[in-house]
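Worksheet: the structure to be examined is printed underneath.
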Amino acid sequence: MPADAVETAHKRVFLAAEDLDGNRVATVLLELADVWGVPALWEQVCRPLLARLPGRTATEIAIEHALCEGVRVGLDVHRREPGGRSLPTGGVLLAGAEQEAHCLGLHALAAALREQGRGCLHLGPALPWSAMNSAVYRARPHTVVLWSQTPVTGRAYRLVRFARGFPLLRVYGAGPGWIEPLAAPATHLRTLPAAVAACLAAPRQG
């Protein structure tokens, strides 16, 4: 996105959030996504705005909640099939790490995949490790992306242990919570375009 478009987008989205108007936030984001695409929107608009709110005062917390809810709704609506039809999951499973309550980045990834005509199985935040294992056995994905927002939930050793239990599965950690290096076979995805590319890659051959 050009710098002037980014600046205008920041102002429009932030003003809507300041008014505690999550629906307007979602509407603006949908307009921007149709023009610039989800990866650019997430990296240049959503992430900087979310990082800009420290959430210390009551007012800041209320604005942050309006912004987060608007972002979630906008991303979830973007490129949904009419009539409620779903795209095939494409062998991709997304989930928040155990006890991780925030996973807006996964909503962005799911929306970006829909732009490419691909679906995913999105299991939401705070998926326990035992449930993750069960989901892999049941859904048989070729790629798993696990989101961590804070170091409290970004336990690298747990992700590596999980990845080593499924040799044919590509396992990625996404989000700022993975501050410790991820040992093979797990890999850290640092941007949304990198995450989209990883999910679209061909499955490993057994």
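The values are calculated or read from the model by the stated rules, or taken from the named source; none is laboratory data. Bear in mind that the values here come from a model prediction, so they are computed numbers and not experimental data. Here the Cβ is made from the backbone with ideal geometry for all residues, glycine too, and neighbour counts use every protein chain on show.
Some points to look at:
- Identity of the residue in region 178-206, in contact (Cβ under 8 Å) with a residue 60 or more places away in the chain and touching a His at 6+ places or on another chain (Cβ under 9 Å), that ends up farthest from R47 (Cα to Cα): R204
- Considering region 9-33, the residues that are touching a residue at least 24 places away in the same chain (Cβ under 8 Å) and within 14 Å of A111 (Cβ to Cβ) include one that is surrounded by the most Cβ atoms within 10 Å (Cβ to Cβ), namely L29.
- Sole exception among (1) at pLDDT 95 or above; (2) farther than 24 Å from Q44 by Cα; (3) among the acidic types (D, E) for E69, by number: (2)
- Unmet requirement for G74, which otherwise passes all of (1) surrounded by fewer than 18 Cβ atoms within 10 Å (Cβ to Cβ); (2) in contact with a helix residue (DSSP H, G or I) (Cβ under 9 Å, 6 or more places away or on another chain); (3) assigned to a helix (DSSP H, G or I): (1)
- Yes/no for H102 being closer than 20 Å to L50 by Cα, assigned to a loop (DSSP other than H, G, I, E, B) and either assigned by TED's automatic domain parsing to the domain that holds L49 or under 12 Å from the mean Cα position of the chain (by Cα) (or both): yes
- Options Q116, Q99: the member that is surrounded by fewer than 21 Cβ atoms within 10 Å (Cβ to Cβ), of a type outside the set (V, I, T) and in contact with a helix residue (DSSP H, G or I) (Cβ under 7 Å, 6 or more places away or on another chain): Q116
- Helices (runs of 4 or more DSSP H) lying entirely in region 118-206 (those with 3 or more residues that are among the small types (G, A, S)): 129-139, 192-200
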